[in-house]
1. Taking every alpha carbon pair in the range A:54-97, what does the distance histogram look like in 10 angstrom bins from 0, in percent?
2. Provide A:141, B:156, A:111 in ascending order of the number of other Cβ atoms located within 10 Å of each residue's Cβ, fewest first.
3. Once you average over the residues of B:88-98, how many Cβ atoms of partner chains fall within 10 Å of each Cβ?
4. Does the range A:89-161 come out rounded, prolate or oblate, given a ≥ b ≥ c as the square roots of the eigenvalues of its C-alpha gyration tensor, rounded meaning a/c under 1.5 and, failing that, prolate meaning a/b above b/c?
5. If you take the charge dipole of the range A:91-238 about its Cα centre, with +1 on Lys and Arg Cβ and -1 on Asp and Glu Cβ, which of A:169, A:235, A:221 is farthest toward its positive end?
6. Could you list the square roots of 5 times each eigenvalue of the Cα gyration tensor of the range B:91-238, that is, the equivalent ellipsoid semi-axes, sorted largest first and rounded to whole Å?
7. Between residue B:192 and residue A:138, with labels modelled 7 Å along Cα→Cβ, what's the label distance in nm to one decimal, could you check?
8. Along each principal axis of its Cα atoms, how long is the range A:21-85 end to end? Whole angstroms, biggest number first, please.
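No value in this document is a laboratory result; all are computed from the given coordinates. Just so it is clear, the model here is predicted, and its values are computed rather than measured. Cβ: placed from backbone, ideal geometry, glycine included. Neighbour counts: every protein chain shown.
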Protein chains: 2
Amino acid sequence: MIEKILAADLPVRDEQPAGRDGTRSLSVTDRLREAILRGETSPGARLNEVRLSQMLDVSRTPVRAALQVLAGEGLLDYQPNRGYVVRQFPLSEIVDAYDIRGQLEGLATRFAAERGFNAEEREIIEQSLRDGDALLDKGHFVDGDLSRYRAINGNFHETILGAAKNRMLSEMIRICHHVPASSSRNIIAFEFRDVRRRHDDHHRIYETILAGEPWRAELQMREHVAGVKSSLVQQLRQRGAAGEAADDE
Amino acid sequence: MIEKILAADLPVRDEQPAGRDGTRSLSVTDRLREAILRGETSPGARLNEVRLSQMLDVSRTPVRAALQVLAGEGLLDYQPNRGYVVRQFPLSEIVDAYDIRGQLEGLATRFAAERGFNAEEREIIEQSLRDGDALLDKGHFVDGDLSRYRAINGNFHETILGAAKNRMLSEMIRICHHVPASSSRNIIAFEFRDVRRRHDDHHRIYETILAGEPWRAELQMREHVAGVKSSLVQQLRQRGAAGEAADDE
DNA sequence: GTCAAGCAAAATGTATACACTTAGGCCACT
DNA sequence: AGTGGCCTAAGTGTATACATTTTGCTTGAC
């Protein structure tokens, strides 16, 4: 239930002492998106504007703005005069999202390889590889290592994506990330040996890029994402998720 | 200038006698999107909410709703407290959009081939092939044929996309279509023999799907889109468009 | 003459009142 | 009893007033 989560937190108004970065609309958007991506909404549930505005202690205006944006991102369905409902993501759609993300990130990798990296990008990637090596050299994970590797993993992928210098590509991959359990930051569902194998993929991809073989790097990245998909599907099946995405937390 | 185009048309309010399908917000959204896609906005121009609302004879509320939606679609850039500006699409980005669209439509074709078509879909596709044949058999185009073929072309691609039964894929391709000159409906820039070659591609792709070879169909579709890209780039170069998309009307 | 600070105008963000549409139940009629 | 239309309540759509932020322009000091 979305009510609980939103009510548990502080109200949006005066959330940041100095009324920091943005507008109430942006705060509300982030809050709602987070709640939806976490699966804290019953799928198909109607989102009542007045209830939401009361929970968040704002007027309907920023709530409506947030809903419109989230509908644009594909997280909500909109019908005129009937409001917004939370979309549901069946397993088949998650699998498809991985296929698409594999194609797109492969393309991004090729573009990045063709353009080459600047010093800063090279540094971030190499740092992510070193950090991952350090984490994995222990041979097992201790508490917090998994979320630490999640950040490392994100740095690697985002840097390559940024080096592709292609805004449309970035936005499309961003859409893929909005499908629950399809984000590259989602590595919760995997075991140590899966993570090690995928980190090794990162090494190989980077080496191929440095070797000046964009086309091979594209294929490697696509295969890398396909591997993630396989592991996730296996995990979801083991959990007995019968067609619905399991909650990863 | 966006002012001229919007002012030239009738106001949104009471546009449809019986207040037909939707809300004012939707009408405004469509109008603005059309204007932007047609290139009737100076790229990078700031869109003033009060001016727009005066031109369209509505309040700021539906205008803001439209701007938020269009920003979500990637047509506008948004900065908090600073408003919305029209994004510009350099030639390189258009080319990239075609690369992406090729990958995506290829994937959609494979999915469609794997699932197979139902009777209705089969009929629409075969009709589009027959219609195209009839139009092209004359050996040349007369006035209006081009826009007629645009509709035929759209039917073919949209039916395959629909048969892929993958909403995320559909939405991503939709984003590609929002890049000016990257839409599959945009066939204005091509000559008769280009259209004939591409219509022949349609025949081949459909035959491959019927032959039960999804993987080959994927490659054919990707190549098909790549061909369109080549023709467009050639056209734009001939027109002397120095890095900007030419106005296709 | 240049730069900085402050002020005023304009533009965006928010709240709220009101209009319109939809949904659901009640009652009458068949 | 079932069905149809009306009627009311709830919810979304729109307009507008007000708050806040930005902008650029003036004015003053250096």
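1. 25, 43, 23, 9
2. On the way: A:141 15, B:156 24, A:111 20.
Neighbour counts put them in this order, fewest first: A:141, A:111, B:156.
3. Working: counts 0, 2, 0, 0, 2, 5, 1, 1, 8, 4, 0.
Going residue by residue through B:88-98 and averaging, the value is 2.
4. Details: a/c = 2.98, a/b = 1.10, b/c = 2.72.
Since a/c reaches 1.5 but b/c is at least a/b, the shape of the range A:89-161 is classed as oblate.
5. A:235
6. Working: eigenvalues 99, 77, 33 Å².
With the √(5λ) rule applied to the range B:91-238, the semi-axes are 22, 20, 13 Å.
7. Once both label points are built, they end up 7.3 nm from each other.
8. Each principal axis gives a Cα extent; for the range A:21-85 these are 30, 26, 21 Å.
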